[in-house]
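J.: What follows is a single structure, and I will ask about it in a moment.
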Amino acid sequence: MAMGRAYKWIFLSFFFICQVGWAKYRDMNLTLSGAWNFGLGDYELLKNLYSYSLSFSYWMNNTSTVDLSVIRIEGGYDFEVLYNGSLSSKENADWSMTIGTIGVRYHPEWDFFLNASIGAGMGYQAWQTSSDYFDTRHGESAVYYALGNLEYPIEEWLSIGIFFQAFYFPLNTKIERKTEFTTTGTKEIFYDKIKDSWIISTGLGINLKIR
């Protein structure tokens, strides 16, 4: 259900901005990106994080854009499996997050061979965690971000670049850290609290002018 609300919000936002963009005949861009990620705060336990994204940019004037993005982050984290109180093994749980954002960016006009921009925005995220040792769980929350990037223009319609993005999640949830089995067949799951965490993303993007 959380994923469904996220995709509905993303679709409606894309539809609205696209209609405005086509009506005013301003420039628009699509950006395809891939990135490496790491967590801070309570999200520091996440590992092997990678992401890919699609962004749509509508130019309001010569120096500013409205951006809509869909970001998918995937990775995992370790948890312990115990039998009758004794550690049996350490396992890895799958973790993923889908984010939809809307924000603004400023593109300074400067005489340099690279194009630059900085921006910020907000959105909505839906996450999921799963393992063979516990039931799949879902969650959701707001998300806020700040973004900076540098791009090298290859052609008028094509550029490649690097970016740095920080996501802040005002969370109040939990995540599985231990699963204990007993000889009677019962199972108990122990959790860590997750609050006010960050994910830092850095990667490469291809920017295409579509109008």
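J.: Restricting to strands (runs of 3 or more DSSP E) lying wholly in segment 62-131: which have 2 or more residues that are at pLDDT below 95, open to solvent by less than 20 Å² (accessible area, probe 1.4 Å) and among the aromatic types (Phe, Trp, Tyr)?
T.: none
J.: Take the conditions open to solvent by 50 Å² or more (accessible area, probe 1.4 Å), in a strand (DSSP E or B), of a type outside the set (Lys, Arg) and at pLDDT below 95 and apply them to Thr184. Does it pass?
T.: No; evaluated as a whole, the condition is false for this residue.
J.: Return the pairs, sorted by first residue and then second, in which the second residue is open to solvent by less than 40 Å² (accessible area, probe 1.4 Å) and part of a strand (DSSP E or B), the first residue lies in segment 174-186 and is under 25 Å from Asp94 (Cβ atoms) and of a type in the set (Lys, Arg), the beta carbons are less than 7 Å apart, and the residues are 6+ apart or on different chains.
T.: Pairs that qualify, where the first residue is under 25 Å from Asp94 (Cβ atoms) and of a type in the set (Lys, Arg) and the partner is open to solvent by less than 40 Å² (accessible area, probe 1.4 Å) and part of a strand (DSSP E or B), are Lys174/Ile194; Arg177/Phe79; Lys178/Phe79; Lys178/Leu82.
J.: Within segment 191-209, identify whether any single residue is open to solvent by 80 Å² or more (accessible area, probe 1.4 Å), among the aromatic types (Phe, Trp, Tyr) and modelled with pLDDT under 95, and answer yes or no.
T.: Within segment 191-209 (the criterion being open to solvent by 80 Å² or more (accessible area, probe 1.4 Å), among the aromatic types (Phe, Trp, Tyr) and modelled with pLDDT under 95), the answer is yes, since at least one residue qualifies.
J.: Still on this structure: Going residue by residue through segment 157-171, is there one that turns out to be open to solvent by 40 Å² or more (accessible area, probe 1.4 Å), more than 21 Å from Gly119 (Cβ to Cβ) and not aromatic (Phe, Trp, Tyr)?
T.: Scanning segment 157-171, I find no residue that is open to solvent by 40 Å² or more (accessible area, probe 1.4 Å), more than 21 Å from Gly119 (Cβ to Cβ) and not aromatic (Phe, Trp, Tyr), so the answer is no.
J.: Mind listing whichever residues of segment 57-83 are within 30 Å of Asp192 (Cα to Cα) and over 17 Å from the mean Cα position of the chain (by Cα)?
T.: Asp78, Phe79, Glu80, Val81, Leu82, Tyr83, listed by residue number.
J.: When the residues of segment 18-46 are filtered to those that are buried (at least 20 other Cβ atoms within 10 Å of the Cβ) and more than 30 Å from Ile194 (Cα to Cα), which remaining residue is modelled with the lowest pLDDT?
T.: Of everything passing the filter in segment 18-46, Gly21 is modelled with the lowest pLDDT.
J.: Moving on. Taking the condition of being open to solvent by 30 Å² or more (accessible area, probe 1.4 Å) and either of a type in the set (A, V, I, L, M, F, W, C) or at pLDDT below 95 (or both), how many residues in segment 132-150 meet it?
T.: The number of residues fulfilling the criteria is 11.
The values are calculated or read from the model by the stated rules, or taken from the named source; none is laboratory data. This one's a predicted model, so the numbers in the text were calculated from it and none came from an experiment. For neighbour counting, all protein chains shown are included, and Cβ atoms are generated from backbone atoms with ideal geometry for every residue, glycine included. For the accessible areas, the whole protein counts, side chains as well, though only heavy atoms, and no ligand, DNA or RNA atoms are used. Shrake-Rupley method; radii C 1.70, N 1.55, O 1.52, S 1.80 Å.
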